[in-house]
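Trainee: My questions will all concern the structure given below.
What follows draws every value from the coordinates through simple rules; no lab data is involved. Bear in mind the structure is a predicted one, so any value in this text is a computation, not a measurement. When we count neighbours, we look across all protein chains shown, and the Cβ atoms used for this are built from the backbone with ideal geometry, even at glycine.
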């Protein structure tokens, strides 16, 4: 009885840990794609965030500076993506790809210089128990998370409210669906897209910092390991809605946690099949949702005032 | 496919120099991108406390002027060339096949299965069969994404990326389980039959005949894409699928076929790694060739011959990287940074070129990739 209980508790906590980076990245992707900018660069932005947070946390000895650095540097990467997509009107897929490849290469290089001996343990962001609630017998563990988890839980309803019930959200959705109409109504399509993609970078930075400073505790090359792509799948599965997208992330996070548990329990399935489980789940989810999820109408299309 | 983008550009007077100018306009952005990436790479080396001149000197001297180094360059170039040609075929039809990495793995597996079985066949049957096995596995793996796009409207970008991870873990399982060499210290398969070996071409090195396969396919693709009905069909689907449909071209079928061909070429790269290089299947045997290939194909702007040169350049980087690390004390990962940055810079340089020509439409039109490439617009049939 007790063992089963701890197992369940561990499983729930592991699911949360694996969901958080996905959810931050997916919410970032949501902002970007709602404004009409396709973003497969999530993966590179998360990786950049993980690296920046590791590097600065190591140099300063303070995880919080690491978090701030991750947000700042990943926002810069967002700025690059926005400049390429909005101003230079580069194919948005190519721009995202460029960001992924450049981020993978640059972080791999810088990691060799900063962490020459391989993995270095980093200062971690510590859990912040919520007074009273954390001492509830079983559920207490849920209230002994770190601030990024609470932040996510606050961000989802607020983001959802802003997106659907504020003039800011209306502007965002208008720019992503009917940029011409938004432009005619006096909105600056470029500015809305710039701000959305930069904020997307910031959120991906948090995802990366969580990965490096909370979840893993050190930096390894390519540590984002497809999380950005799974976040994109979650975004589609969640139909570009913050709440559904977060739930989709929870689904993939829980799948990932499940495969780790099954491995630990020594159930007789080759572990490689368990490792591919999150990706299979994402693929199956996409197949299941196919044709039912409608992306923002202007997604992937650069906007120009002059063109017809 | 490069013709339309040149129409509005200033034309020099005479015929010969006109053509030379056209080629210059086409070649300039990739060369500028590579130059800029090498420059930033030099900056990184300085940051790392090394001399870029010493480092680049060591890298290119090793990979291009020494016998073993050049053989190594050819060895690295072979899979790069094949996968990149696959990515390029996809781009010509407006499809972003980002699953080269997974298709390499499946191709390696396909060739292994044929190479282990049918022992005793003469080489002239066994080797082609083994290569075909790799093509079939890689092609089928990519065709899944093509089919999902056509039948379910799923964007191929995300599906091919997810299929990469699945293929890599699947091959890991195969060499840890059913195809594990008994008593092997690390997960790898038994040797394939010698009749399925791709012959070596330079004595005492690992260079193998796969490079000729790649070069031949580049030439064949040039002809097929530029002067056959199939090539026309591919370009038409890539440039304007709606018009293609009005012209009675089976757009959906073309997309699935192109994806299968694209994956088949990536699979062949996996075959070369197994049949030419290691003669076994190893876990995680591709060091990211599938992703390099995307950069190579984008830099080559739809031209298979340009792929040969670009793949040679990328092969050079990979082949000289270790010597550079040893002699100039620069982490070899600097070449990953350079490779990644070339994609960033090709995008920027093409964009700037378009602006210079005051062309307002989307940058990629006929310059980098076909206009509809990768946009999530649904396939019209």
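Trainee: Which distance in nm do the two modelled labels at residue B:38 and residue B:206 give, with both placed 7 Å along the Cα-to-Cβ direction?
Mentor: 2.5 nm
Trainee: Next up: Can you give me the P(r) profile for region B:16-77? Cα pairs, bins 10 angstrom wide beginning at 0, each as a whole percent.
Mentor: It works out to 20, 28, 34, 16, 2, in whole percents.
Trainee: While we're on this one: By counting other Cβ atoms within 10 Å of each Cβ, how are A:17, A:193, B:245 ranked from fewest to most?
Mentor: Working: A:17 20, A:193 25, B:245 17.
Exposure proxy ranking, most exposed first: B:245, A:17, A:193.
Trainee: Suppose the chain between residue B:21 and residue B:51 were pulled fully straight at 0.36 nm per residue; how much longer would it get relative to their current alpha carbon spacing?
Mentor: 7.2 nm
Trainee: Calculate how steeply helix A:92-114 sits against the longest principal axis of the alpha-carbon atoms of chain A, using the helix alpha-carbon long axis, and give the answer as 0 to 90 degrees to the nearest 10.
Mentor: With rounding to tens, the tilt is 40 degrees.
Trainee: Also, quick follow-up: Across the Cα atoms of region B:168-255, what radius of gyration and what greatest pairwise Cα-Cα distance (Dmax) are found, in Å?
Mentor: 21.3, 60
Trainee: Based solely on its DSSP helices, what 222 nm [θ] is calculated for the protein assembly as shown when runs of n ≥ 4 H residues each add -39,500 (n - 2.57) and the sum is averaged over all residues, nearest 500 deg cm²/dmol?
Mentor: -22500 deg cm²/dmol
Trainee: Which distance in nm do the two modelled labels at residue A:113 and residue A:164 give, with both placed 7 Å along the Cα-to-Cβ direction?
Mentor: 4.8 nm
Trainee: Taking the 0 to 90 degree range and rounding to the nearest ten, how far is the long axis of helix A:42-60 tilted relative to the main principal axis of chain A, both from C-alpha atoms?
Mentor: The two axes meet at around 60 degrees.
Trainee: For helix A:63-82, what angle does its Cα long axis make with the longest principal axis of chain A, in degrees from 0 to 90 and rounded to 10?
Mentor: Value to nearest ten degrees: 30.
Trainee: Using the eigenvalues of the Cα gyration tensor, what equivalent ellipsoid semi-axes result for region A:169-239 when each is taken as the square root of five times the eigenvalue, whole Å, largest first?
Mentor: On the way: eigenvalues 213, 37, 14 Å².
So the three semi-axes of region A:169-239 are 33, 14, 8 Å.
Trainee: Which percent of the Cα-Cα distances in region A:154-308 go past 27 Å?
Mentor: Percentage above 27 Å: 36.
Trainee: Which whole number gives the average count of other chain Cβ atoms within 10 Å of the Cβ atoms across peptide A:279-285? Could the numbers behind the result be given before it?
Mentor: Working: counts 9, 5, 1, 6, 11, 1, 0.
What the average comes to for A:279-285 is 5.
Trainee: For region A:28-92 and region B:156-213, what is the separation of their C-alpha centers, rounded to whole Å?
Mentor: Taking the Cα centre of region B:156-213 as reference, the centre of region A:28-92 is 36 Å away.
Trainee: For a test of the definition: using alpha carbon positions, the gyration tensor, and the 1.5 limit on a/c, classify region B:61-135 as rounded, prolate or oblate.
Mentor: Verdict is oblate for region B:61-135.
Trainee: Could you pull out which residues in region B:284-312 have an amide N less than 14 Å from a spot 7 Å beyond the Cα of residue B:186, following the Cα-Cβ vector?
Mentor: The answer is B:284-287.
Trainee: Using just the alpha carbons, could you tell me how many Å³ per residue the convex hull of chain A encloses?
Mentor: 146 Å³
Trainee: Starting from the exponent 0.38 and prefactor 2.2 Å, build the expected Rg for region B:143-210 from its residue count and divide its actual Cα Rg by it. Don't skip to the end; give the middle numbers.
Mentor: Working: Rg = 17.9 Å, N = 68, 2.2 N^0.38 = 10.9 Å.
Ratio of Cα Rg to 2.2 N^0.38 Å: 1.64.
Trainee: Then there's this: In vacuo Debye scattering of the protein assembly as shown, one point per C-alpha: log10 I(q)/I(0) at q = 0.05, 0.06, 0.10 Å⁻¹?
Mentor: Debye output, listed in q order: -0.23, -0.33, -0.97.
Trainee: What list do you get for A:33, A:221 if you sort them by fewest beta carbons within 10 Å? If you can, show how the numbers build up before the last one.
Mentor: Values: A:33 26, A:221 16.
Ordered from fewest to most neighbouring Cβ atoms within 10 Å, A:33, A:221 come out as A:221, A:33.
Trainee: Still on this structure, please answer the following. What number do you get for chain B when its Cα radius of gyration is normalised by 2.2 N^0.38 Å, N = residues?
Mentor: 1.00
Trainee: Using label points projected 7 Å from each Cα along Cα→Cβ, tell me how many nm separate residue B:329 and residue B:121, to one decimal.
Mentor: A separation of 5.4 nm, rounded to one decimal place.
Trainee: Place a label point 7 angstrom from the Cα of residue A:8 along the Cα-to-Cβ direction, then list the residues of region A:242-262 whose backbone nitrogen is under 17 Å away.
Mentor: Inside the label zone: A:258.
Trainee: Tell me, how many Å apart are the Cα centres for region A:215-287 and for region A:150-213?
Mentor: Between the Cα centre of region A:215-287 and that of region A:150-213, the gap is 24 Å.
Trainee: Is any residue of region A:21-35 close enough, with backbone N under 18 Å, to a label point placed 7 angstrom from the Cα of residue A:247 along the Cα-Cβ axis, and if so, which?
Mentor: Hits in region A:21-35 for residue A:247 at 18 Å: A:23-24, A:26-27, A:30.
Trainee: When Cβ neighbours within 10 Å are restricted to other protein chains, what is their mean count per residue of peptide B:340-353?
Mentor: Partner-chain Cβ atoms within 10 Å, mean over residues of B:340-353: 6.
Trainee: Just need log10 I(q)/I(0) for region A:45-96 at q = 0.21 Å⁻¹, Debye formula, equal scatterers on the alpha-carbon atoms, no solvent, rounded to two decimals.
Mentor: Taking Cα atoms of region A:45-96 as identical point scatterers yields -0.67.
Trainee: Also: Within 10 Å of each Cβ in peptide B:153-163, how many partner chain Cβ atoms are there on average? Round it to a whole number, please.
Mentor: Mean number of neighbouring Cβ atoms from other chains: 6.
Trainee: To make sure I understand, if each residue's beta carbon is the centre and we count other beta carbons within 10 Å, what order do A:110, A:200 fall in, fewest to most?
Mentor: By the 10 Å Cβ count, ascending, the order reads A:110, A:200.
Trainee: Could you rank the peptides B:62-74, A:232-244, A:43-55, A:275-287 by their average count of other C-beta atoms within 10 Å per residue, with the highest value first?
Mentor: Listed from highest to lowest mean packing, they are A:43-55, A:232-244, A:275-287, B:62-74.
Trainee: Where does the Debye-calculated log10 I(q)/I(0) of region A:1-136 sit at q = 0.12, 0.15, 0.17, 0.20 Å⁻¹, using only Cα point scatterers of equal weight, no solvent?
Mentor: -0.62, -0.87, -1.00, -1.18
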